[in-house]
Structures are given as C-alpha cells and as structure tokens.
Amino acid sequence: MRDLAILTFQTLDGVMQAPRSPDEDRSGGFERGGWANPCWDEVMAQVRREAMAEPYDFLFGRKTYETFAAHRQATADQEPDAVGIDAARKYVVSASPDVPEWGRTEVLSGDVAKEVARIKAEEGPLLQVHGSWQLIQALLEHDLIDLYRIWTFPVFVGSGKRLFGAGGPPGDLVLEKTEGCPSGAVMHLYRRP
C-alpha cells in the first residue's frame, strides 16, 4: 500500500489555475496565468527538497501530463530533478489512449476512483499528483488523498479553478510541516490521520 500526495500551488484566494504561464490554462476565460512567477525559484527549491528527493511515481490528468511531457522534451537534461522525473512511473488519466510518448507511462481510463485505488494498493513509492485540477476534484470526492502539499502564494486572482472548489468528504488534517519563503509564498504539508 502506498500513499497518494497532491502537490499544488494556489493563490491566497484558493485558485490553482495556470500558476506558471499566461497560456497554461485559459479555460473559463482565465487571464491571470503566471501568477506564481515572482516566487517560483524559491518555491521550486522547497519542492525539490520536500517532494522530489525521495522516489516517487506520478499520477496526472491528461492536460498536466502533456504540459510536463512537452517541458521535459524541451529542456532535456537541463534541470536538476530531471533524472527522478524521467525515471518515475507515470499514470495519466485520459479518455483517449493516445498520449504523447514519455517513458514509463500507463494510461488509465474508465472508473478513475477504482483505478487509483488499485494503484494505491500496489507496492511502490509515493504516488504524486502535480496540478491536475479535474483529477484532484475526483480524488477529493472519493477521499483518496493521503498527503496535501500546498504552496500558497501572496497574490489574489479572483475567479479561477479552486483547489477546494467542489469540496469533498469533510475530514481533519494534521500539519506536518510549514515553511515560508522570503518572497511570501508559504509551504504547508498536511497528512490525513
């Protein structure tokens, strides 16, 4: 049995849509993409230390998977965590089996909650979800998240896709660690008891 962790960047008003690029996700008319950039380097240093140092596998929604795959192809071996990312097994939730080539990828379709529960029941490293708003909403609804790794950035953007938009089963979390950045972003690591 292995844990499932979400790793999410959100604004102070709870929006997780398009943190890195203006064109990352314009759905719903969202025009505030790239809001995380002023704090990016400091936060990524924390992410590498807190979430990328130990072995892990990925669980992605299709759009986030395509973004990661395109970025990895464009940057090749220029990033410090490239070896871990490329070596990780990647599970991508998609209605279509036609996904870009990126080593060690398995497409999941059908009943997402059932498929994720199956993967969690297997032996293996931590299963991490990065971004993937729609997938996170399904995981919240079915209470499949064990660890919440949330970075909150000192910015308001108004409307957009919110981490806890639709909600899910109520429950408590235990704070495992918190740490701020000089830029004002704050990391919170929580575990379900």
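The table that follows gives values for the structure above.
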| item | result |
| --- | --- |
| In region 142-168, the residues that are touching a Leu at 6+ places or on another chain (Cβ under 8 Å), part of a loop (DSSP other than H, G, I, E, B) and not acidic (Asp, Glu) | Leu144, Ile145, Pro154, Val155, Phe156, Phe164, Ala166, Gly167, Gly168 |
| Residues (assigned to a loop (DSSP other than H, G, I, E, B), under 21 Å from Ala70 (Cα atoms) and over 17 Å from the mean Cα position of the chain (by Cα)) located in region 95-134 | Ala95, Ser96, Pro97, Asp98, Val99, Pro100, Glu101, Trp102, Gly103, Arg104 |
| Phe60 being at pLDDT 90 or above and either within 20 Å of Ala5 (Cβ to Cβ) or in contact with a helix residue (DSSP H, G or I) (Cβ under 9 Å, 6 or more places away or on another chain) (or both) | yes |
| Cβ pairs under 6 Å, 6+ apart, first in region 168-192 and over 20 Å from Ile145 (Cβ atoms) and without any contact (Cβ under 8 Å) to a residue 24 or more places away in the chain, second part of a strand (DSSP E or B) and among the hydrophobic types (A, V, I, L, M, F, W, C) | Gly180/Val186 |
| Residue in region 145-158 that is more than 23 Å from Arg20 (Cβ to Cβ) and either in contact (Cβ under 8 Å) with a residue 24 or more places away in the chain or of a type in the set (Lys, Arg) (or both) present | yes |
| Tally of residues being free of Cβ contacts under 8 Å to residues at least 40 places away in the same chain and of a type in the set (A, V, I, L, M, F, W, C) across region 109-137 | 3 |
| Residues that are surrounded by 19 or more Cβ atoms within 10 Å (Cβ to Cβ), among the acidic types (Asp, Glu) and either in contact with a strand residue (DSSP E or B) (Cβ under 8 Å, 6 or more places away or on another chain) or under 17 Å from Ile85 (Cβ atoms) (or both), drawn from region 8-62 | Asp57 |
| Residue within region 146-157 that is in contact with a helix residue (DSSP H, G or I) (Cβ under 7 Å, 6 or more places away or on another chain) and of a type in the set (A, V, I, L, M) present | no |
| Cross-chain or 6+ apart pairs with Cβ under 8 Å, region 1-25 first and in contact (Cβ under 8 Å) with a residue 24 or more places away in the chain, then part of a loop (DSSP other than H, G, I, E, B) and among the hydroxyl-bearing types (Ser, Thr, Tyr) | Val15/Ser159 |
| In region 149-189, residue nearest to Pro125 (Cα to Cα) [restricted to those that are of a type in the set (Phe, Trp, Tyr) and surrounded by fewer than 20 Cβ atoms within 10 Å (Cβ to Cβ)] | Phe164 |
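Yes or no, residue by residue, for (1) basic (Lys, Arg); (2) at pLDDT 95 or above:
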| residue | (1), (2) |
| --- | --- |
| Gly110 | no, no |
| Lys114 | yes, yes |
| Ala117 | no, yes |
| Ala121 | no, yes |
| Ser132 | no, no |
| His142 | no, no |
| Arg149 | yes, yes |
| Phe153 | no, yes |
| Phe156 | no, yes |
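The values are calculated or read from the model by the stated rules, or taken from the named source; none is laboratory data. Here the structure is a predicted model, which is why all the values come from computation and not from measurement. Quick reminder, even Gly has a Cβ in these numbers, built from the backbone with ideal geometry, and neighbours come from all protein chains shown.
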